[in-house]
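Asks: This structure is in structure tokens; I'll ask about it shortly.
The values are calculated or read from the model by the stated rules, or taken from the named source; none is laboratory data. Everything numeric in this text was worked out from a predicted model, so none of it was measured. Virtual Cβ from ideal backbone geometry, glycine too; neighbours counted across all protein chains shown.
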């Protein structure tokens with residue numbers, strides 16, 4: 001014979017549910033020796049349910065605390081986040097990282113980066129097979145480059161296949177594209193018109209972002225990033 | 001594939017370069033031509049534009065129609081990059097790559113073509129940059145390709 005007792009504030013209420021294994025019958029037995037308590041007025045979080053063999057002293061099964069607030073009740077759901085929630089969280093993480101260095105950026109830059117993040121992580125633009133979340137560590141490298149180089153022209157931002165943030169600057173027939181990696185590393189490609197021919201010239205560079213500005217200056221393409 | 005012909009590459013909205021002020025398409029990032037290493041891709045997926053029509057607008061329309069057949073979703077903010085096949089092969093040769101563009105079309109995927117011989121680990125930054133710049137004749141947004149039939 002197994003019994004289930006329902007208590008409120010450690011006071012047994014209304015009944016015992018008795019399960020007889022042989023007959024599989026359920027019986028509700030009022031606890032006549034105790035005063036009846038109207039359970040409908042009890043806050044749910046104070047309830048404790050004892051389950052066990054009626055002859056044995058049983059341990060209470062503690063249920064997790066449930067808040068009565070409606071707003072908290074809505075949080076009770078599956079731990080699996082929807083794509084929309086993941087995109088929101090990714091964007092929020094990046095915007096928090098941006099807010100930490102916000103004093104180094106003009107309002108125009110802050111607004112621009114916010115807008116670009118929202119575009120790149122927009123559910124309506126998401127392609128399940130090859131869209132990627134933005135890695136915060138690479139975004140931080142991008143921010144370091146922006147603070148150090150201080151470009152005056154706004155770039156176009158993108159995301160690589162592995163979640164690295166991308167930036168591109170165009171000026172006339174010149175183009176600079178940079179892929180930012182974690183730990184201040186970057187890969188850049190430069191395309192410009194050849195000095196003595198009609199052919200386009202392409203250059204590739206890899207290294208620490210701290211060295212990238214001087215390299216861009218050396219090859220005469222800093223005008224792509226900043227109006228002189 | 002004849003060297004004067006063209007192939008079209010569908011570029012994810014995350015890899016399209018847009019003017020930061022006007023939002024107009026300026027090009028595509030070199031990363032739009034990277035192979036997906038997690039899927040162990042051996043070739044770059046493209047569509048042979050001349051297989052749809054001789055006329056430029058109809059070629060873009062044919063590519064978008066073929067993509068809609070093949071893919072679950074074709075995003076309006078994505079772009080189609082038109083590449084010259086001869087330029088792709090020539091730039092590859094300059095980088096020591098034996099590039100081949102092969103027709104892989106079938107009834108389910110008309111015009112489908114693959115660019116073979118690219119580094120499988122996407123290690124040649126310069127070649128990818130050449131694909132995005134020198135070989136790229138035109139980039140058109142999917143939402144600019146008006147007739148979707």
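Asks: Out of the residues in segment B:65-88 meeting the condition of being touching a residue at least 60 places away in the same chain (Cβ under 8 Å), out of contact with any strand residue (DSSP E or B) (no Cβ under 7 Å at 6 or more places or on another chain) and more than 13 Å from chain A (Cβ to nearest Cβ), tell me which one is nearest to residue B:30 (Cα to Cα).
Replies: Only one residue tops the list, namely B:86.
Asks: Return only the number of the condition from (1) more than 11 Å from every other protein chain (Cβ to nearest Cβ); (2) surrounded by fewer than 14 Cβ atoms within 10 Å (Cβ to Cβ); (3) more than 29 Å from the chain's Cα centre (by Cα) that residue A:173 does not satisfy.
Replies: Only one criterion is unmet by residue A:173, namely (1).
Asks: From (1) surrounded by fewer than 24 Cβ atoms within 10 Å (Cβ to Cβ); (2) more than 29 Å from residue A:178 (Cβ to Cβ); (3) away from chain A (no Cβ under 14 Å), pick out the condition that doesn't hold for residue B:114.
Replies: Checking residue B:114 against (1) surrounded by fewer than 24 Cβ atoms within 10 Å (Cβ to Cβ); (2) more than 29 Å from residue A:178 (Cβ to Cβ); (3) away from chain A (no Cβ under 14 Å), the one that fails is (2).
Asks: Show the residue pairs meeting these rules: Cβ distance below 6 Å; 6+ apart or different chains; first residue within segment B:120-134 and more than 8 Å from every other protein chain (Cβ to nearest Cβ); second residue buried (at least 24 other Cβ atoms within 10 Å of the Cβ).
Replies: That search, which allows pairs on different chains as well, returns B:131/B:33.
Asks: Out of the residues in segment A:200-214 that are surrounded by 14 or more Cβ atoms within 10 Å (Cβ to Cβ) and in a helix (DSSP H, G or I), state the one that is farthest from the other protein chains (Cβ to nearest Cβ).
Replies: Result: A:213.
Asks: Can I ask one more? Suppose we keep only residues that are assigned to a strand (DSSP E or B) and either within 10 Å of another protein chain (Cβ to nearest Cβ) or at pLDDT below 95 (or both) within segment A:179-199. Which one would you say is farthest from the chain's Cα centre (by Cα)?
Replies: A:193
Asks: When you scan segment A:83-160 for helices (runs of 4 or more DSSP H) that lie fully inside it, which ones turn up with 2 or more residues that are free of Cβ contacts under 8 Å to residues at least 24 places away in the same chain and within 13 Å of chain B (Cβ to nearest Cβ)?
Replies: Here the list reads A:107-120.
Asks: Considering only residues that are in a loop (DSSP other than H, G, I, E, B), more than 8 Å from chain A (Cβ to nearest Cβ) and over 13 Å from the mean Cα position of the chain (by Cα), which ones fall in segment B:6-51?
Replies: Scanning segment B:6-51 gives B:22, B:23, B:24, B:40, B:41, B:42.
Asks: Can you tell me which condition residue A:205 does not meet? The list is (1) closer than 21 Å to residue B:18 by Cβ; (2) modelled with pLDDT of 95 or more; (3) more than 30 Å from the chain's Cα centre (by Cα), and all the others hold.
Replies: With respect to (1) closer than 21 Å to residue B:18 by Cβ; (2) modelled with pLDDT of 95 or more; (3) more than 30 Å from the chain's Cα centre (by Cα), residue A:205 is out only on (1).
Asks: Restricting attention to segment A:182-201, which residues are touching a strand residue (DSSP E or B) at 6+ places or on another chain (Cβ under 7 Å) and touching a residue at least 40 places away in the same chain (Cβ under 8 Å)?
Replies: A:184, A:185, A:186
Asks: Quick one: residue B:42 ticks every box in (1) surrounded by 15 or more Cβ atoms within 10 Å (Cβ to Cβ); (2) touching a strand residue (DSSP E or B) at 6+ places or on another chain (Cβ under 9 Å) except a single one, so which number is it?
Replies: Result: residue B:42 passes all but (1).
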